[in-house]
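Down below is the structure, laid out as structure tokens.
The values are calculated or read from the model by the stated rules, or taken from the named source; none is laboratory data. Fair warning: this is a prediction, and the values are worked out from it, not measured in the lab. Using ideal geometry, Cβ is built from the backbone for each residue, glycine included, and neighbour counts are taken over all protein chains shown. For accessibility, only protein heavy atoms count, side chains too; no ligands or nucleic acids. Shrake-Rupley method; radii C 1.70, N 1.55, O 1.52, S 1.80 Å.
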Amino acid sequence: MSTAQILEMVSSTYKYLGLLLSNDLSWSQHIKYLCSKARKILGLIYRRFYQFSSSESLLQMYISLVRPNVEYASQVWSPYKFGEVNSIESVQKFALRMCAKNWNAGYEQLLELFSLPDLQQRRLYLDLCSMFRIVHGMFYFPSAVFVRQDTHRFTRLSRHPSFVCPYARTCYYFNSFVPRTVRLWNTLPTPIVNNPTTSLYSFKSSLRAHMFY
């Protein structure tokens, strides 16, 4: 008869589909990893192109090569802790200072200069774009997760039909994708959400105008 063998843990993290999974189910290591990766790319841009490139060219390199790395699958790992949010924002802050070639400019000043939202707002925008795809059946998501509120009740209040926000006992779950996105979706203006002819492109355009400008 074979005896049970205890397996040794060889690593506390495992990379899967571009995400760094941790044995404690937190995303702290993943956020550190993506910030480090983004800074390496920014360092390469700085060494190779900073001296001879215009601000517009540097900005396009940041938007094309760096920002996608700090937004990939953010619906899964988007942080709510102040330190982790700031760590990600510091990547964009450095990038915009490099693009502006002004190392003393404040972050808000740089965002206004380049007409960009901060990365936390960008993640909320990406959450809502994913929610639109789910609502309109553009990709699979378990239907039982999103439960619609009573349509008649919201008609009387001149509000668009919204979704039930699931009960969250912990901060971790409260700030995860489904609860945070449902809360935000329910606050969107009716013309953005309740237009049956709205395409993903027009939804994104309306959402950007609502959130960023």
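Computed quantities for the displayed model
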read-out	value
Computed [θ] at 222 nm, deg cm²/dmol, the chain (DSSP H ≥ 4; -39,500 (n - 2.57); rounded to nearest 500)	-16000 deg cm²/dmol
Theoretical FRET efficiency, 1/(1+(r/R0)^6), r = Cβ-Cβ of Ser57 and Val145, R0 41 Å, to 0.05	0.45
Per-selection Kirkwood Rh - segment 1-76 (Cα, Å, 1 d.p.)	15.1
Residue pairs, from the table Lys15/Lys40; Lys15/Lys93; Lys15/Lys204; Lys40/Lys93; Lys32/Lys204; Lys40/Lys204, whose Cα atoms sit over 21 Å apart	Lys15/Lys93; Lys15/Lys204; Lys32/Lys204; Lys40/Lys204
Per-selection Rg to Rh, the chain - Cα, Kirkwood hydrodynamic radius	1.05
Segment 1-109, accessible surface, carbon-and-sulfur percent (1.4 angstrom probe)	57
Within segment 19-104: Cβ-based charge dipole about Cα centre, in debye rounded to nearest 20 (Lys, Arg +1; Asp, Glu -1)	360
Solvent-accessible heavy-atom area per residue, rounded to whole Å², over the chain at 1.4 Å	62
